[in-house]
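See structure below.
Please treat every number below as a calculation from the coordinates, not as lab data. Predicted model only: the values in this text are computed from it and were never measured. Because the Cβ atoms are built from the backbone with ideal geometry, glycine has one as well, and the counts that use them run over all protein chains shown.
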Amino acid sequence: MGAEISIEHGYILARASRLQGTRIFMDTVTVTGTENLMMAATLAEGTTVLENAAREPEIVDLAECLIAMGADIEGQGSDTIVIRGKNTLHGADYRIMPDRIETGTYLVAASMTGGEITLTDARPDTLDAVIEKLREAGADIQCTHDSISLNMRKRPAAVSLRTAPYPAFPTDMQAQFMALNSIALGVGKVTETIFENRFMHVQELQRLGARIEIDGNTALVYGQETLQAATVMATDLRASASLVLAGLVAQGDTVIDRIYHLDRGYECLEEKFTQLGAHVRRIR
């Protein structure tokens, strides 16, 4: 796109009087890469074609927001997105989509604790893979166009899953389901195909008593009736969520350090869980 890029003193510096439209084929599907390139192309000179683009709902939502601001974009939701650059964009009012990963996290929490929950202002159409796995685990789930109700009155059954780009099972829900499998009936097989080092939460779950074996990018989780409280450390955003979920069902008080990871993806998580009846508090 014509930018001059250099690394100086550990920082990436990019310079361009104006970016130029071009054809870009991405070797691997990348959500953030697609988003960044799409945003950059809206004000580039000429037409940009993104091939092998990500198809996640967040890509479509961002494109619709940019279109509301005057951008010329088509193909969002497919693997080819075409952006015709404009000289300027303008302000707009736009309601962003609900966070499907936060939604999924609360659904898993209710499933693990044998509870009941209703989530409003949700988008069940963006969570098909997650909802089907929770039904496989034994949850009773009812959906409308903007709400999800879940009822789990028994110990969940272990589920096996394999992460892949949308619309397959999301990598951002992998850690939460590993926590669920740790107290489920049976053995669950979890295969991670998106990110390397996405099993960093396993060691911390093991500190809580979870029985997990790692073989390359696959984890075998042997479900147990209970977990034991411990002091654990959050290693990334979704790992921290899985530790909170495990702490909800562990016997005793679980302390989770480095929760600044958690705040990147969840707003007032402890307050929402408290409203659901959990005993959670933030220690400052």
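When the helices in the chain are scored as -39500 (n - 2.57) per DSSP H run of 4 or longer and the sum is shared across all residues, what 222 nm value do you end up with, to the nearest 500 deg cm²/dmol?
Details: 8 runs with 82 residues, N = 284.
For the chain, the value works out to -8500 deg cm²/dmol.
Classify the range 24-74 as rounded, prolate or oblate, taking a ≥ b ≥ c as the square roots of the eigenvalues of its Cα gyration tensor: rounded when a/c is under 1.5, otherwise prolate if a/b is larger than b/c and oblate if not.
Working: a/c = 2.24, a/b = 1.24, b/c = 1.81.
Oblate, because a/c is 1.5 or more while a/b does not exceed b/c.
What you get for the range 40-137, charging only the Cβ of Lys and Arg (+1) and of Asp and Glu (-1), is a dipole of about 80 debye around the Cα centre. About the centre of its Cα atoms, the chain shows a dipole size close to 560 debye [charges on the beta carbon of Lys, Arg (+1) and Asp, Glu (-1) only; nearest 20 debye]. Any idea what angle helix 31-42 forms with the longest principal axis of the chain, computed on alpha-carbon atoms, 0 to 90 degrees, nearest 10? Between helix and principal axis, roughly 20 degrees.
Based on the mean of other Cβ atoms within 10 Å per residue, sort peptides 116-125, 14-23 so the most packed one is first. Provide the component values of the computation, followed by the final result.
Numbers: 116-125: 16.0, 14-23: 13.2.
Most protected by this proxy first, the peptides run 116-125, 14-23.
For the range 190-242, a simple Cβ point-charge model (Lys and Arg +1, Asp and Glu -1, everything else neutral) yields a dipole of about 140 debye relative to the Cα centre. For helix 237-249, report the angle its Cα long axis makes with the longest principal axis of the Cα atoms of the chain; keep it between 0 and 90° and round to the nearest 10°. Rounded to the nearest ten degrees, it is 20. Take every Cα pair under 8 Å whose residues are at least 6 apart in sequence, average their separation, divide by the length of the range 100-275, and the relative contact order is 18 percent.
Which shape class applies to the range 7-128: rounded if a/c is under 1.5, otherwise prolate when a/b exceeds b/c and oblate if not, where a ≥ b ≥ c are the square roots of the Cα gyration tensor eigenvalues? Judged from the Cα gyration tensor, the range 7-128 comes out prolate (a/c at least 1.5, a/b above b/c).
Look at the dipole of the range 75-189 built from charges on Cβ: of Thr144, Thr105, Ser182, the Cα furthest out on the positive end belongs to Ser182. Each residue of the range 149-159 is assigned a 3J(HN,Hα), and the resulting list reads 10, 10, 9, 10, 10, 8, 5, x, 8, 5, 10 Hz, derived from the Karplus form 6.51 cos²θ - 1.76 cosθ + 1.60 (θ = phi - 60°), x at Gly and Pro. By its C-alpha gyration tensor, with a ≥ b ≥ c as the square roots of the eigenvalues, how is the range 100-275 shaped: rounded for a/c under 1.5, else prolate for a/b larger than b/c, else oblate? Judged from the Cα gyration tensor, the range 100-275 comes out rounded (a/c under 1.5). Taking the chain as the reference, fit the longest principal axis to its C-alpha atoms, fit the long axis of helix 57-68 to the helix C-alpha atoms, and give the angle between the two in degrees, 0 to 90, nearest 10. The angle comes out at about 40 degrees.
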